[in-house]
Amino acid sequence: MVSGDLDRVLAWRNHPDVRRYMYSSHEIAPEEHKHWFERAQKEQGVSLLVYELDGIPCGFVNISETRWPAIADWGFYLAPNARSGTGRGLGQAALRHAFGTMSLHKLCGQAIGFNERSIRFHRALGFTLEGTLRDQFFDGEQYHDIVCFGILASEWQNSNS
């Protein structure tokens, strides 16, 4: 991701179909988005990526080594108008980046319990369900479970050899 992607990625992130599945579901102002991008660019072990299909930007991935070396968390979303099947390509490209370029040992993901699509997506990519944090997230009206996933480099390599 480069600064020229800011407006596009912000529009995707602020779309109601994307926002509703985020921990922070408020509409993000351009200045807040710009500050987030500037901070993230300075952090070691953070990859902000725009996924392109046939040269057309259609998704965003954030991979962050934040706790221990070679273990990272990821987040992602597609452009609201992305064609069917785009998510699979985004996921595979993100895993190649995580385990190839970044040489990670493990990639972790989370989904809010009502986000069945994300839960199915993680499983389809080979992630293992590692647990459920019960009533972990309050959206301002009610509590929701957080479903936790992980995939090891060795698991990803075995499924792609």
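The values are calculated or read from the model by the stated rules, or taken from the named source; none is laboratory data. Treat the numbers as computed from the prediction; the structure is a model and nothing was measured. In this analysis, Cβ positions are derived from the backbone assuming ideal geometry, glycine residues included, and neighbour counts consider all displayed protein chains. Each accessible area value is taken on the protein alone, full model and side chains, heavy atoms only, with ligands, DNA and RNA left out. Shrake-Rupley method; radii C 1.70, N 1.55, O 1.52, S 1.80 Å.
Looking only at strands (runs of 3 or more DSSP E) that fall completely inside region 38-85, which ones have 3 or more residues that are surrounded by 13 or more Cβ atoms within 10 Å (Cβ to Cβ) and in contact with a Leu (Cβ under 6 Å, 6 or more places away or on another chain)?
Numbers: elements: 46-53, 56-64, 71-78.
The strands (runs of 3 or more DSSP E) meeting that bar are 56-64.
Identify, please: which residue in region 13-24 is open to solvent by 60 Å² or more (accessible area, probe 1.4 Å) and not in a helix (DSSP H, G or I) and is, among those, farthest from Pro80 (Cα to Cα)?
Out of the qualifying residues, it is Tyr23.
Restrict the check to region 143-153 and report whether at least one residue is of a type in the set (Gly, Ala, Ser), in a helix (DSSP H, G or I) and surrounded by 12 or more Cβ atoms within 10 Å (Cβ to Cβ).
Taking every residue of region 143-153 in turn, at least one turns out to be of a type in the set (Gly, Ala, Ser), in a helix (DSSP H, G or I) and surrounded by 12 or more Cβ atoms within 10 Å (Cβ to Cβ).
List every residue pair whose Cβ atoms sit under 7 Å apart, with the two residues 6 or more apart in sequence or on different chains, where the first one lies in region 138-161 and is in contact (Cβ under 8 Å) with a residue 12 or more places away in the chain and closer than 25 Å to Leu95 by Cβ and the second, anywhere, is open to solvent by 100 Å² or more (accessible area, probe 1.4 Å) and among the polar types (S, T, N, Q).
Asp145/Gln136; Ile146/Gln136
Go through region 130-142 and give me each residue that's open to solvent by 80 Å² or more (accessible area, probe 1.4 Å) and not in a loop (DSSP other than H, G, I, E, B).
Matches in region 130-142: Glu130, Arg134, Asp135, Gln136, Phe138.
Six or more apart or on different chains, Cβ atoms under 8 Å: show the pairs whose first residue is in region 2-13 and in contact (Cβ under 8 Å) with a residue 24 or more places away in the chain and whose second is assigned to a helix (DSSP H, G or I) and of a type in the set (D, E, K, R).
Final answer for the pair search is Leu6/Lys34; Arg13/Arg19.
Might you let me know whether region 91-111 holds any residue that is touching a residue at least 12 places away in the same chain (Cβ under 8 Å), closer than 27 Å to Tyr143 by Cβ, open to solvent by 20 Å² or more (accessible area, probe 1.4 Å) and part of a loop (DSSP other than H, G, I, E, B)?
No, region 91-111 contains no residue that is touching a residue at least 12 places away in the same chain (Cβ under 8 Å), closer than 27 Å to Tyr143 by Cβ, open to solvent by 20 Å² or more (accessible area, probe 1.4 Å) and part of a loop (DSSP other than H, G, I, E, B).
Check Phe121 against each of (1) in a helix (DSSP H, G or I); (2) open to solvent by less than 30 Å² (accessible area, probe 1.4 Å); (3) not charged (D, E, K, R) and name the one condition it does not meet.
Among (1) in a helix (DSSP H, G or I); (2) open to solvent by less than 30 Å² (accessible area, probe 1.4 Å); (3) not charged (D, E, K, R), Phe121 violates only (2).
Please verify whether Glu31 is free of Cβ contacts under 8 Å to residues at least 24 places away in the same chain, more than 22 Å from Asn160 (Cα to Cα) and either open to solvent by 50 Å² or more (accessible area, probe 1.4 Å) or in a strand (DSSP E or B) (or both), treating the condition exactly as stated.
So Glu31 fits the description; yes.
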